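Peer 1: I am attaching a structure below and will ask some questions about it afterwards.
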Amino acid sequence: MKNIFYALLAAVTTVAAASCATDDSGKDGWKLVWEENFESEAIDGSVWGYTRRGNADWAKTQSDDVRCYAFRDGNLILRGIVNDDLKADTSAYLCGGLSTQGKKEFKPGRIEVRAKLQAGRGAWPAIWLLPYDNDAKWPNCGEIDIMERLNHDGFVYQTVHSHYTHTLKMKDNPANTDTMGIAVDDFNVYGVDIFRDSIVFRVNGVKNHVYPRLAELPDSLGQFPYYQSYYLLVDMQLGGKWVGKVDSTELPVEMEVDWVRYYTKE
């Protein structure tokens, strides 16, 4: 039944994705103040840097290898590939990703990214936010995952992380994550609205999940650290405890990004 549900939802979201491909600046009081369309087919170094290799599951395969980046029809291509030169890099797999860390900040508002996600065993494309200027360590600083897709799933996860959800394991009061079906072979628009009292997730303009601030809780519990400025990460990821092992026969795998848009409330 679940597969049937997502198949039906995917048909609906295909139409919604097409309708969301145009600028809706001014809709519902939101004003478009910045966008990246990748039409120049070059990475703007004043805005974007490569995601950094690290020990976290998501970061172990991040790379600035040129084979992980391309442009096609005015869209950015981020690839996950088999590494055939282990002398140059010891990671079995390499992935492309971009981040605005230290270059461009996004204050509370609306962020949307239009992207198409190629499926593959072990593929874990993600669009997410981390605090732009915050001395607190993860998870206390807060994290907003606008989109994560695993393997061949016909849906994406939209999630928030914090001291409250991760360290105190309060993931159900309120629920910190939800899923929503996507058009698996087409572009979809993944979005989040950041308010003082809530985080609102959307897929193709359709509201999926709301994470509220619980006013009765003391700030010391770290339940809602989200009303702050962020930097954006858009990356292809491969492998990890959550997504599972990579099937190298299904590589390369691509994440195709059409545009990024940032709105503020008028």
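Values quoted throughout were computed directly from the atomic coordinates according to the rules given, and no laboratory measurement underlies them. Quick caveat: nothing in here was measured; it's all calculated off a predicted structure. Every residue, glycine as well, gets a Cβ built from its backbone with ideal geometry; the counts of neighbours run over all protein chains shown.
Peer 1: Using a Gaussian network for the chain with springs between C-alpha atoms less than 10 Å apart, which of these wobbles most: Asn173, Asn204, Asn188?
Peer 2: Top of the fluctuation ranking is Asn173.
Peer 1: Let me ask something else about it. How big is the dipole moment of the chain about its Cα centre under a simple scheme where the beta carbon of each Lys and Arg is +1, that of each Asp and Glu is -1, and everything else is neutral? Debye, nearest 20, please.
Peer 2: 580
Peer 1: Still on this model: How would Trp124, Trp259 line up from fewest to most surrounding beta-carbon atoms within 10 angstrom? Walk me through the numbers before you get to the answer.
Peer 2: Numbers: Trp124 26, Trp259 20.
Starting with the residue having the fewest Cβ neighbours, the order is Trp259, Trp124.
Peer 1: Here is a further query. Name the residues whose placed amide hydrogens come within less than 5 Å of the amide hydrogen of Trp34, ignoring near sequence neighbours (fewer than 5 apart) on the same chain.
Peer 2: For Trp34, the qualifying residues are Tyr262.
Peer 1: Where the centre of each part is set by its Cα atoms, how far does the stretch 38-101 sit from the stretch 141-205, in angstrom?
Peer 2: Cα centroid to Cα centroid, the span is 23 Å.
Peer 1: A further question on this structure: Which of Ala115, Ala88, Ala56 moves the most in a Gaussian network model of the chain with Cα springs under 10 Å?
Peer 2: In this elastic network of the chain, the residue with the biggest mean-square fluctuation among Ala115, Ala88, Ala56 is Ala88.
Peer 1: Now a separate question. Which values of log₁₀ I(q)/I(0), to two decimal places, follow from the Debye formula for the stretch 129-266 at q = 0.20, 0.21 Å⁻¹ with a uniform point scatterer at every Cα?
Peer 2: So the normalised log intensities are -1.35, -1.44.
Peer 1: Taking neighbour Cβ counts within 10 Å as the exposure measure, how do Asp73, Asp178, Asp258 sort from fewest upward?
Peer 2: Details: Asp73 10, Asp178 15, Asp258 18.
Going from sparsest to densest Cβ surroundings: Asp73, Asp178, Asp258.
Peer 1: So for Cys95, Cys68, fewest C-beta neighbours within 10 Å to most, what's the order?
Peer 2: Working: Cys95 30, Cys68 25.
So the residues, fewest neighbours to most, are Cys68, Cys95.
Peer 1: Another question, then. Name the residue farthest towards the positive end of the dipole of the chain from the options Asn151, Val253, His209, assuming +1 on Cβ of Lys and Arg, -1 on Cβ of Asp and Glu, about the Cα centre.
Peer 2: Of the candidates, His209 comes out farthest on the positive side.
Peer 1: Let me ask something else. For the stretch 36-85, take every pair of Cα atoms, bin their distances at 5 Å starting from 0, and report each bin as a whole percent.
Peer 2: 4, 17, 25, 24, 16, 10, 2
Peer 1: To continue, here is another question. With +1 on each Lys and Arg Cβ and -1 on each Asp and Glu Cβ, and nothing else charged, work out how big the dipole of the stretch 118-186 is about its Cα centre, in Debye to the nearest 20.
Peer 2: 260
Peer 1: Using a Gaussian network model on the chain with a 10 Å cutoff between Cα atoms, which of Ser91, Ser162, Ser220 fluctuates the most?
Peer 2: Fluctuation is largest for Ser220.
Peer 1: On to the next question. Residue by residue, what Karplus-based ³J(HN,Hα) values in Hz, rounded to whole numbers, does the stretch 234-251 have, using 6.51, -1.76 and 1.60 with θ = phi - 60° and x for Gly and Pro?
Peer 2: 10, 8, 8, 10, 9, x, x, 4, 7, 7, x, 6, 8, 9, 4, 6, 9, 9
Peer 1: So what are the ³J(HN,Hα) numbers for the stretch 214-226, from phi and the Karplus equation (6.51, -1.76, 1.60; θ = phi - 60°), rounded to whole Hz, Gly and Pro as x?
Peer 2: Values per residue, Gly and Pro as x: 8, 4, 6, 8, x, 4, 5, 7, x, 6, 9, x, 8 Hz.
Peer 1: Could you order peptides 141-148, 209-216 by the average number of other Cβ atoms within 10 Å of their residues, highest first?
Peer 2: Numbers: 141-148: 22.5, 209-216: 14.8.
Descending mean neighbour count gives 141-148, 209-216.
Peer 1: Right, something else. Return the ratio Rg/(2.2 N^0.38 Å) for the stretch 2-265, where Rg is computed over Cα atoms only. Each step should come with its number before you reach the end.
Peer 2: Working: Rg = 17.8 Å, N = 264, 2.2 N^0.38 = 18.3 Å.
With N residues counted in the stretch 2-265, Rg over 2.2 N^0.38 Å equals 0.97.
Peer 1: What is the stretch 210-265 by shape, rounded, prolate or oblate, if you read a ≥ b ≥ c off the alpha carbon gyration tensor as root eigenvalues and call it rounded for a/c under 1.5, prolate for a/b larger than b/c, and oblate otherwise?
Peer 2: Details: a/c = 3.96, a/b = 1.73, b/c = 2.30.
Verdict is oblate for the stretch 210-265.
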